[in-house]
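Since the structure comes first, as structure tokens, the remarks are kept for the end.
The values are calculated or read from the model by the stated rules, or taken from the named source; none is laboratory data. Keep in mind that this is a model prediction, so the values were computed, not measured. Here the Cβ is made from the backbone with ideal geometry for all residues, glycine too, and neighbour counts use every protein chain on show.
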Amino acid sequence: MPHRTGQPLHRRCRGLALLTAGAAATAALLGTAPASAAGPAPAPAATPTLAAPDIPVANVKAHLSQLQSIASSNGGNRAHGRAGYRASLDYVKGKLDAAGFTTTVQQFTAGGATGYNLVADWPGGDAGHVIFSGSHLDSVGAGPGINDNGSGSAAILEVALAVAREGYKPDKHLRFAWWGAEELGMLGSRHYVSTLPSAERSKIESYLNFDMVGSPNPGYFVYDDDARLEKVFKDFYASKNIPTEIETEGDGRSDHAPFKNAGIRVGGLFSGADYIKTAAQAQKWGGTSGRAFDACYHRSCDTSANINEAALNNNSDAIASAVWSLSGGSTNPPDGKSFENADNVQIPDAGPAVESPVTVTGIPGNAPTALKVAVDIKHTWRGDLTIALVGPSGRTFGLKSASGNDSADNVIDTFTVDASSETANGTWKLRVQDTGAQDTGYIDSWKLTF
Ligand code: DTR
Ligand code: ZN
Ligand code: ZN
């Protein structure tokens, strides 16, 4: 197959293209004319608001399987005061630190044990307007807590990593937190709010809470505490033709309560705990009526099998959509020039390596020490794949090696490579080899950003 060589993509143009496509798609789904759905067309010179990226649910599930293994090797839970809690926090912190977040671990004492909150700030944005997303990371003692609340924790982690992958420059400041000891009465979030100086409190424009967003027999519940935040989520689901209801399964039963009590606007999502799904709810959302939204709520069976992937996927995308639209970001890194090859290249099963080229022109000197390599490979068993970047001189930079037991789908990731030993201009290649039999896939697209 002939490959199209890379074309420079000026990121503002790409943002505009995405916005236009998104507005048209929304309009199509809602059966309205694009003009009325999109509102007045922006002036050509205006910087477009960037659309939120799609959050790869395979990445969210991969975080859940890590949390599951952490529980399994630490006595079956990730509860406050237990080794599995601290290991969960270290896992999340490691990912955020590597992506460029500024992380802080806040300690507190509860029930005779040390508890920890993890707070992550994305550098930049107006510090006087903070868009804050949080999820509790602790489980109950009875089980691994994968839906409650690995799901919210993994979803906001992947949204945070998407912020970094996209090089998103929000107008407002983004903060994320993973709370400890929620299951003991929201003790971590209460500690955070009560020790926050009032000047800092007043900078928090909105707090969004995500506790249980992958329930196995799911509902789509939106908090109705603040009308504007409620609308942001409802608009997203409307664009997907998913009906929603107001969250009523225990008002204030999660970490948004301390924020709300401090006078901060709160919102959030919930897919249901031990309440029973009615016939009307099963009709609109599917699943089983007469059965709990999560029959494994607070039990040992709240494992990685206790997740509805479609709900996890929709809710992760809803979180990204809210974070992007509330933070009003408009620009990617100012002079980042991108070169992409979007032609698909099949990767033969247990076969030789294949390559996809990108031709870089117009960049003087050497490549940067932090060359961004964004990879989108669709594959049914990503552990089969070895991936490398090949520079114009033929030098290879390993990006990922095969690891047979990583059974998750797809590699949708951005790697940072010190490529300063190569000249920037020339033909770069992504080289991918499938080293295991049976599962197959293809390079969907890949992109270099200088
Ligand atoms: N507090 C949660 C479960 C829960 C029950 N009702 C709601 C409503 C909104 C969010 C969460 C919840 C737990 O961690 O057990
Ligand atoms: Zn919970
Ligand atoms: Zn719980």
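Selection of the stretch 356-384 for residues being surrounded by fewer than 16 Cβ atoms within 10 Å (Cβ to Cβ) and modelled with pLDDT of 90 or more yields only T380. Considering only residues in the stretch 107-127 that are among the small types (G, A, S) and crowded, with 18+ Cβ neighbours inside 10 Å, the one that is farthest from ligand 3 (Cβ to nearest atom) turns out to be G125. Scanning the stretch 154-182 for residues that are within 16 Å of ligand 2 (Cβ to nearest atom) and acidic (D, E) yields a total of 1.
Residues in the stretch 71-96 that are touching a residue at least 24 places away in the same chain (Cβ under 8 Å) and not small (G, A, S): N77, R78, H80, R82, Y85, R86, L89, Y91, V92, K93, K95, L96. The single residue among A79, A58, A62 that is within 16 Å of ligand 2 (Cβ to nearest atom) and among the hydrophobic types (A, V, I, L, M, F, W, C) turns out to be A79.
Residues in the stretch 296-311 that are within 26 Å of K240 (Cβ to Cβ) and among the small types (G, A, S) were compared, and the one that is nearest to ligand 1 (Cβ to nearest atom) is A311. Residues that are part of a helix (DSSP H, G or I), farther than 20 Å from M186 by Cα, of a type in the set (A, V, I, L, M, F, W, C) and out of contact with any Lys or Arg (no Cβ under 8 Å at 6 or more places or on another chain) within the stretch 217-267 comprise A227, V232, F233, F236, A238, listed in sequence order. Here T104 meets each of (1) hydroxyl-bearing (S, T, Y); (2) over 16 Å from the mean Cα position of the chain (by Cα); (3) within 16 Å of ligand 3 (Cβ to nearest atom) with one exception, condition (3). It is to be established whether one or more residues within the stretch 265-272 are over 30 Å from A295 (Cβ atoms), more than 16 Å from ligand 3 (Cβ to nearest atom), of a type outside the set (F, W, Y) and buried (at least 20 other Cβ atoms within 10 Å of the Cβ). No, because not a single residue in the stretch 265-272 is over 30 Å from A295 (Cβ atoms), more than 16 Å from ligand 3 (Cβ to nearest atom), of a type outside the set (F, W, Y) and buried (at least 20 other Cβ atoms within 10 Å of the Cβ).
For the stretch 128-153, the candidate set comprises residues that are of a type in the set (G, A, S), in contact with a strand residue (DSSP E or B) (Cβ under 6 Å, 6 or more places away or on another chain) and buried (at least 24 other Cβ atoms within 10 Å of the Cβ); within that set, the residue that is farthest from A305 (Cα to Cα) is S133.
Could you go through the stretch 401-408 and let me know if any residue there is surrounded by 15 or more Cβ atoms within 10 Å (Cβ to Cβ) and among the charged types (D, E, K, R). Yes, the stretch 401-408 contains a residue that is surrounded by 15 or more Cβ atoms within 10 Å (Cβ to Cβ) and among the charged types (D, E, K, R). Those strands (runs of 3 or more DSSP E) of the stretch 384-450 in which at least 1 residues are among the acidic types (D, E), considering only elements entirely within it, cover 411-417, 426-434, 441-449. For the stretch 242-280, the set of residues classified as aromatic (F, W, Y) and away from ligand 1 (no atom under 12 Å from the Cβ) consists of F259 only. Please determine, by comparing only the residues of the stretch 187-202 that are closer than 21 Å to V130 by Cα and of a type in the set (A, V, I, L, M), which one is farthest from ligand 2 (Cβ to nearest atom). Selected residue: A199.
The single condition from (1) over 19 Å from S356 (Cβ atoms); (2) surrounded by 16 or more Cβ atoms within 10 Å (Cβ to Cβ); (3) at pLDDT below 90 that F415 fails is (1).
The single condition among (1) in contact with a helix residue (DSSP H, G or I) (Cβ under 6 Å, 6 or more places away or on another chain); (2) among the hydrophobic types (A, V, I, L, M, F, W, C); (3) away from ligand 3 (no atom under 16 Å from the Cβ) that I276 does not meet is (1). Among residues belonging to the stretch 268-311 that are within 13 Å of ligand 2 (Cβ to nearest atom) and not in a loop (DSSP other than H, G, I, E, B), point out the one that is nearest to S198 (Cα to Cα). Step by step, filter the stretch 268-311, then rank; the result is G268. Checking the stretch 182-200 against the condition returns a match, with at least one residue being touching a strand residue (DSSP E or B) at 6+ places or on another chain (Cβ under 8 Å), aliphatic (A, V, I, L, M) and assigned to a helix (DSSP H, G or I). Do the conditions hold for E183, that is, is it in contact (Cβ under 8 Å) with a residue 12 or more places away in the chain, of a type in the set (D, E) and within 16 Å of ligand 3 (Cβ to nearest atom)? Yes; evaluated as a whole, the condition is true for this residue. Within the stretch 364-378, is there a residue that is more than 28 Å from G100 (Cβ to Cβ) and free of Cβ contacts under 8 Å to residues at least 60 places away in the same chain? No, that holds for no residue. Residues in the stretch 122-175 that are of a type in the set (D, E), outside any helix (DSSP H, G or I) and touching a residue at least 60 places away in the same chain (Cβ under 8 Å): D138, E166, D171. Looking only at residues in the stretch 295-307 that are surrounded by fewer than 23 Cβ atoms within 10 Å (Cβ to Cβ) and polar (S, T, N, Q), the one that is nearest to A155 (Cα to Cα) is S304.
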